[in-house]
1. Please go through region 89-141 and give me each residue that is of a type in the set (Ser, Thr, Tyr), closer than 30 Å to Ala20 by Cβ and part of a helix (DSSP H, G or I), ordered by number.
2. If you scan region 112-140, which residues turn out to be of a type in the set (A, V, I, L, M, F, W, C) and at pLDDT 95 or above?
3. Determine, yes or no, whether Leu104 is more than 22 Å from Ala15 (Cβ to Cβ) and touching a helix residue (DSSP H, G or I) at 6+ places or on another chain (Cβ under 7 Å).
4. What's the number of the only condition in (1) more than 16 Å from Leu101 (Cβ to Cβ); (2) in a helix (DSSP H, G or I) that Ser58 fails to meet?
5. From the list Lys119, Lys125, which residue is in contact (Cβ under 8 Å) with a residue 60 or more places away in the chain and either closer than 15 Å to Gln56 by Cβ or out of contact with any strand residue (DSSP E or B) (no Cβ under 7 Å at 6 or more places or on another chain) (or both)?
6. Can you pull out the residues in region 56-100 that are surrounded by 15 or more Cβ atoms within 10 Å (Cβ to Cβ), hydrophobic (A, V, I, L, M, F, W, C) and in contact (Cβ under 8 Å) with a residue 12 or more places away in the chain?
7. Please tell me if Ala51 is aliphatic (A, V, I, L, M), farther than 18 Å from Thr132 by Cα and at pLDDT 90 or above.
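The values are calculated or read from the model by the stated rules, or taken from the named source; none is laboratory data. In this text the structure is predicted, and so the values were computed from the model without any measurement. With ideal geometry, Cβ positions are generated from the backbone for all residues, glycine too; neighbour counts draw on all protein chains shown.
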Amino acid sequence: MNEAQPAWFTPPKTAAEKLADAQAAKIEQINAAYTEQVQPLIKDYPEIEQATWIAQESEARAYMAWHADQEGHTPATPVLDNILLGRNGDGGSETLQELSLAVLENADMFTRAQQLTGKRQRLVKQVREVTTQEALDGITW
């Protein structure tokens, strides 16, 4: 602190500090745009269910691979078995094959949507690498 400046004085931000603030704001904009596009794909699914998606997909792929040739033992599908119990309730008739196909259809859709994740990551990387405000302004979702 300069002796001539009062303790409450805050010096103006440097160009580097201004750019860092603008980069942080741009990353927030990119993340918001990403979320806006991805959210409709997952809006109907609670986070606790989303946490089981990897297990669901793995079990569904194993079951469908077994179903194709039915050699060996049926793979263990505890997550899908329990989902099926809940879906069928007392009188349902959905099969493990039907559930597996539904799970894989959703999994494939979410896999394709990961292009958006890659786009978000690419743009954030570009934001972090810019050295001018003009270059930063050229980065858009």
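1. The answer is Thr117, and nothing else.
2. If the condition is that a residue be of a type in the set (A, V, I, L, M, F, W, C) and at pLDDT 95 or above, then Leu116, Leu123, Val124, Val127, Val130, Ala135, Leu136, Ile139 are the ones that fit.
3. Considered against the rule, which asks whether it is more than 22 Å from Ala15 (Cβ to Cβ) and touching a helix residue (DSSP H, G or I) at 6+ places or on another chain (Cβ under 7 Å), Leu104 comes out as yes.
4. (1)
5. Lys119
6. Ala60, Ala62, Met64, Val79, Leu80, Ile83, Leu84, Leu96, Leu99
7. Yes, satisfied.
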